[in-house]
1. Check off (1) more than 14 Å from chain B (Cβ to nearest Cβ); (2) in a helix (DSSP H, G or I) for A:W33 and give me the number that stays unchecked.
2. When you go through A:V257, A:V163 one by one, which is the residue that is at pLDDT below 90 and either surrounded by fewer than 17 Cβ atoms within 10 Å (Cβ to Cβ) or within 14 Å of chain B (Cβ to nearest Cβ) (or both)?
3. Determine which member of the set A:I146, A:I116, A:I129, A:I123 is assigned to a helix (DSSP H, G or I) and within 30 Å of A:L279 (Cα to Cα).
4. Among the residues that make up the range A:226-234, is at least one of them farther than 17 Å from A:G117 by Cα, surrounded by fewer than 15 Cβ atoms within 10 Å (Cβ to Cβ) and within 14 Å of chain B (Cβ to nearest Cβ)?
5. Under 7 Å between Cβ atoms, which residue pairs at least 6 apart in sequence (or on different chains) link something in the range A:188-216 that is at the interface with chain B (Cβ under 7 Å from one of its Cβ atoms) and without any contact (Cβ under 8 Å) to a residue 60 or more places away in the chain with a partner that is surrounded by fewer than 18 Cβ atoms within 10 Å (Cβ to Cβ) and among the charged types (D, E, K, R)?
6. Of the conditions (1) free of Cβ contacts under 8 Å to residues at least 24 places away in the same chain; (2) crowded, with 18+ Cβ neighbours inside 10 Å; (3) not charged (D, E, K, R), A:I296 fails just one. Which one is it?
7. Find the residue count for the range B:179-193, including only residues that are within 15 Å of the chain's Cα centre (by Cα) and buried (at least 17 other Cβ atoms within 10 Å of the Cβ).
8. When only residues in the range B:99-121 that are in a helix (DSSP H, G or I) and over 19 Å from A:I218 (Cβ atoms) count, which is farthest from the chain's Cα centre (by Cα)?
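The values are calculated or read from the model by the stated rules, or taken from the named source; none is laboratory data. If you're wondering where the values come from, they're calculated on a predicted model, not measured in any experiment. FYI the Cβ positions are ideal-geometry reconstructions off the backbone, even for glycines, and counts take in every protein chain you see.
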Amino acid sequence: MMEEKIQEKELFAFASFDKYESEHIAAPKYSYWKSVWRTFFKSKFTVGVGILMLVLVGFSIIQPIFSGYDPLIAPNVNNPEMRFLQPSSDHLFGTDNVGNEVFDVVWAGAKNSIIIGFVATIINMIIGIAVGAVWGFSKKMDKWMIEVYNVISNVPFLLLAMVLSYAMGAGMGTLIFVMCVTDWIFVAYFIRTQVMIIRDREYNLASRCLGTSTWTMIKNNILPYLVSVIMTYVSRMIPSTISYEVFLSYLGLGLSVKEASLGRMVSVYTPYMNGYPHLFWIPVTVLALLSISLYIVGQKLADATDPRTHM
Amino acid sequence: MSNKGREVILSIKHVDVTFEQGHKKKLVAVKDANFDIYKGETFALVGESGSGKTTLGRAIMRINPCSAGEILFEGKRISGKIPKSEDRDVIRNIQMIFQDPAASLNERATIDYCVSEGLYNFHLYENEEDRTAKVDKALNDVGLLPEHKSRYPHEFSGGQRQRVGIARAMIMNPKFIVADEPISALDVSIRAQVLNLMNKLKAERNLTYLFIAHDLSVVRFIADRIAVIHHGEIVEIAESETLFEYPVHPYTISLLSAVPMPDPVVEKSRKHIVYDPSKLDQSGEERVMRELRPGHFIHCTNKEFEEYQEKIAQMEKERGL
């Protein structure tokens, strides 16, 4: 018995205890936005689509400055030789029924579509998030806001667009107004639901016990959790707004004759579809590429902003 | 030990907490809770799941409103509607440690923000340097390192997270802390670490704890006085040693019989006593808190009171008192 004890003593020694080592976190420092970009750029496909999107958006913004295209001026209107030319090295996308370069027309139209898509989405998002966040938090506001939602969400969009465009006159301002006047409530409703899901989590209770105001809680406890779902919403909203602009302009409710538009381009060129299909397919292809690339980049960004994908 | 002459910090007077369940249906979570907590002590509230112990803790934090009765802190009413300036004082003086350290920290905020949230809300710092110094000190007090400030909660272990939760409460310099099962979500190996930390901070800062728990063995280690709560009603209040030595109420006895002992011989012969409320006095007489011995209260009818008195006298005799 004694011998064993002696042996044990020889075999074992006290290990030293390092307080710093026991608390130190060896993993590299985590930064939310750095991880977002790392995840986003990891996929080659995403980077490719991202470049396509940048080229399309960049072209739409820069090219019209150099071309100086104006829908009211058709310099070659009296020159029949310049009409309906097929795409070639001289005329990249060919020419249309009044002798304008389709290349100029399509980028000028895309520029207006993009402006409307982005501006309307930003306005909707700002109003929607601000209203939705408070709506989700306040039970008192919820009672009457839900009634407001029921009323506004049941207004037929097309009817509203028609009435407003006749009353206010067609134009970019009117179109953006039409896109925002009711759409924000859908964003607000979506945000309200998301806020309600995480409103009663324990860390919000803890913040309340520390005396944090509702506004600070929305800013620091709620919205950071919603970055990913907001990005998903944005990535759907920009392409859908662009499509809506095209649709309304096609019906003649969108932009005025003074402004270039992909929608009206399609509607003007449709009669020549049989003889000169490129007049129809070029604006449609540009629209499709623009919508799809914006959507994919948005979706990938939404995925990357979800911290569960960071590990 | 007499409690007379000791300063009462928190006093709960006939508090009811009820929850509405739809139309005309009510759930009474806490019934007629009535006790005082003295300055500098650790008062434990023990009961099974759903007994209303957390609800009572949250009523003190004013998360759940009281439907009857009132709560006094240092003699001032804090339940119901109170002026904004008093409200801010109460927030600073009463802080809470939460049960689940993973759920009670904001995952998208750095530890720096989590700990200084209270400082920001009350602007308890002179300048940025002062704030940093305070946060560093708070982290140091709970055994964390200043380098942790730029980290996010998910990078920490459970025990570390709970210590962040403690630092966040302590930085406000509160007088009273509601600890809602602070160790039940933790690994057994780090429970003692957190309990020792809480005891150390209590001694250093002259704090008072309301310690909510379901684990009696833990409560014995940390509490000065214990209240046993069952189905929203407090059935027995006594000093911890008295409660463990002379448990009188059948529910307390049943709870104590369920405490596991780290001794196989004792464990083998352990008999679990099931609490059966139907064996209590069924005369329909209203039960009230009665003082059995100084500082030892029991929730009973008159008839039961006599029985309990006999029981405790017999127990005292057995133990040669």
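1. (1)
2. So the residue among A:V257, A:V163 that is at pLDDT below 90 and either surrounded by fewer than 17 Cβ atoms within 10 Å (Cβ to Cβ) or within 14 Å of chain B (Cβ to nearest Cβ) (or both) is A:V257.
3. Being assigned to a helix (DSSP H, G or I) and within 30 Å of A:L279 (Cα to Cα) holds for just one of A:I146, A:I116, A:I129, A:I123, which is A:I116.
4. no
5. A:G211/B:R88
6. (1)
7. Residues of the range B:179-193 within 15 Å of the chain's Cα centre (by Cα): B:179-184.
Imposing the further condition that a residue be buried (at least 17 other Cβ atoms within 10 Å of the Cβ) reduces the set to B:179-183.
Residues meeting the conditions: 5.
8. Applying the filter and picking the extreme gives B:D112.
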